[in-house]
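A.B. asks: Below is the structure I would like to discuss, written out as structure tokens.
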Amino acid sequence: MGLLSIIRKIKKKEKEMRILMVGLDNSGKTTIVLKINGEDTSVISPTLGFNIKTIAYQKYTLNIWDVGGQKTIRSYWRNYFEQTDGLVWVVDSSDLRRLDDCKMELDNLLKEERLSGASLLILANKQDIKGALAPEEIAKNSGQQAATALLLRCDCASMTLLFAAAMTATVYSTLHANSVAVMGSAATLHHYSALLTT
Amino acid sequence: MDDEMEKETILDNKEAEAEAALQKKHLSMLDRLSKRQQSRSTTSTEPSTDSTSSFLSRFSQLKSSIESHLSDSQSLSSDPSQLKPHFDKISESISDLEKLVAQSSYFLPSYDVRSSLKTVSDLKRSLDCLSSELIPKKKFSFKNKAKASKKDQGSVLPESKPVRDSVQPSYVARDSPGFRNKTGEVLVGEFKESEIGEFTISDLDSCEVRIIGCIRALFIHRLKNCRVYVGPVTGSILIEEAEGCVFAIASHQIRIHGARRSDFYLRVRSRPIVEDCNGVRFAPYCLSYRGIEEDLRGADLDAETGNWANVDDFRWLRAVQSPNWSILPENERVGIVDISNSESMKEEI
């Protein structure tokens, strides 16, 4: 307990955060990271291994670890858990058939001791596809009490802001294991930023 | 000063707590370590597969059993209905053998890996030879397929394994567009004007699927002996569990899981991937219909990237070619498949 609070204080000074992006294959993790970073997303191969991107947001440096989601390499996710500040769980909202798989993998992840203390963001991706489940439904399926339903479209310009705001929220709010935000499209941004400042 | 004092008292309180927590942590660590030790020792007492000689003896045993099955085929040739399941069984044991090689490849000397892979490919070749000799090949054609597959069902059914006792998803899928639970049909979808979102093709047996126009995302699940011809998909395609199928698909991303004995004609912007696949072969996209050029251009898929041959196998992360997939030899490829006349087909159905 004492050690943890000291580490947290040091972290606060450093303002450097380690963010882990995970989720089933085909959920769009790499696309999101590249999109946030303003890179070309027209040719993205399924991730064999992982990518790291460092993004500066205001006074924070976000180190984003984008780890491949194919079944074969899911067992390696745990190699990246250590010292994770934020966990982004990406869901393909249009993949109805694998929602159960998705929930199961997330549940397994949340049992992980090394991830307690990290904030969780569930990102309901692919909202622009007709027939996709709404963020609220994704939250319900994930079995997580969503703090708020936030929206985010992959092609939305304010994505960087939203994403970073959600991840750095840990610094503002007292850190709860599994504080959850579900993102979808930009409509309720105001609601969320209001939440951040309280 | 006050601040300092306060801090110290807090620290005092916490020290006791921390002590207790530390103790607990230490205990649990010891526990973990002893467990690990145990699991290690149990695995090492098991008949270790980590030895070259045991691998070689097992390999040769399997090999000779496959060879004897192969030589049995000639005597079975009088009964063609038995021949197909027989060959399927052999093909399965060959792929098991291949799997064994793959699993052992990390400790085998490279010579043994090469020679065993060669044995496997020799076995495959002789199986192919035998089956093409004993089972006359059907000519590729659309119209015959639908009828033929109906006729074939008698012989197809006995080999069909009971559907994997999969747990039914608790989430009841809403009425999303798709083709599901059909046998021996030609299924035609045209999405010329309105772009469609996600589309599902699942649980089909001996069907032919033709989709004209663009869709955003395509999910394919549990197909058997099907032909699937699809126009450009602007997002990604996910294929799970296909057996004995032919696919002509174009997309930005293509993922193939659990496919067996299937051919894929691809146009893809990124590298396609396979996982838990066996006997899958790849060739360039071969689909045509009136207006496909426009659709391909609209989906940014008009240029051939050559990526159809750059397949990544997640079960084979090595420099040598994966045994699970290959390039479809040019003389075995179907020509350009034209599905323009789907309208007339629809009326027939």
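A.B. asks: I'm checking my understanding of the structure. Among residues of the range B:193-218 that are open to solvent by 20 Å² or more (accessible area, probe 1.4 Å) and either outside any strand (DSSP E or B) or of a type outside the set (S, T, N, Q) (or both), which one is farthest from the other protein chains (Cβ to nearest Cβ)?
C.D. replies: Ranking the qualifying residues of the range B:193-218, first place goes to B:D205.
A.B. asks: Moving on to the next point. Of everything in the range A:48-84 that's at pLDDT 90 or above, among the β-branched types (V, I, T) and open to solvent by 20 Å² or more (accessible area, probe 1.4 Å), which residue is nearest to B:R315 (Cα to Cα)?
C.D. replies: A:T72
A.B. asks: In the list B:S126, B:S166, which residue meets the criterion of being modelled with pLDDT under 85, open to solvent by less than 50 Å² (accessible area, probe 1.4 Å) and not aromatic (F, W, Y)?
C.D. replies: Exactly one residue qualifies, and that residue is B:S166.
A.B. asks: Can you confirm whether the range A:95-104 contains a residue that is of a type outside the set (A, V, I, L, M, F, W, C) and more than 20 Å from B:I256 (Cα to Cα)?
C.D. replies: Within the range A:95-104, one or more residues are of a type outside the set (A, V, I, L, M, F, W, C) and more than 20 Å from B:I256 (Cα to Cα).
A.B. asks: If you go through the range B:246-263 one residue at a time, do you hit one that is under 29 Å from B:D88 (Cβ atoms) and assigned to a loop (DSSP other than H, G, I, E, B)?
C.D. replies: No - not one qualifying residue is present in the range B:246-263.
A.B. asks: Collect the residues in the range B:220-243 that are of a type outside the set (D, E, K, R), under 18 Å from B:C277 (Cα atoms) and open to solvent by 20 Å² or more (accessible area, probe 1.4 Å), keeping them in residue-number order.
C.D. replies: Hit for the range B:220-243 is B:N225, nothing else.
A.B. asks: Considering only residues that are open to solvent by less than 80 Å² (accessible area, probe 1.4 Å) and charged (D, E, K, R), look in the range B:301-312 and name the one that is nearest to the other protein chains (Cβ to nearest Cβ).
C.D. replies: B:D312
A.B. asks: Still on this model: Those residues that are away from chain A (no Cβ under 14 Å) and surrounded by 15 or more Cβ atoms within 10 Å (Cβ to Cβ), I need them from the range B:313-332; list them, please.
C.D. replies: The answer is B:P323, B:W325, B:S326, B:L328.
A.B. asks: Looking at the range A:93-111 only, could you name the residues that are of a type in the set (D, E, K, R), open to solvent by 30 Å² or more (accessible area, probe 1.4 Å) and at pLDDT 85 or above?
C.D. replies: Passing the criteria: A:R97, A:D100, A:D101, A:K103, A:E105.
A.B. asks: A further question on this structure: Collect the residues in the range B:267-296 that are away from chain A (no Cβ under 14 Å) and open to solvent by 20 Å² or more (accessible area, probe 1.4 Å), keeping them in residue-number order.
C.D. replies: B:N278, B:G279, B:R281, B:P284, B:Y285, B:S288, B:R290, B:G291, B:E293, B:E294, B:D295
The values are calculated or read from the model by the stated rules, or taken from the named source; none is laboratory data. Keep in mind that this is a model prediction, so the values were computed, not measured. Cβ atoms come from the backbone with ideal geometry, glycine included; neighbour counts cover every protein chain shown. These accessible areas exclude ligands, DNA and RNA; they are computed on the full protein's heavy atoms, side chains included. Shrake-Rupley method; radii C 1.70, N 1.55, O 1.52, S 1.80 Å.
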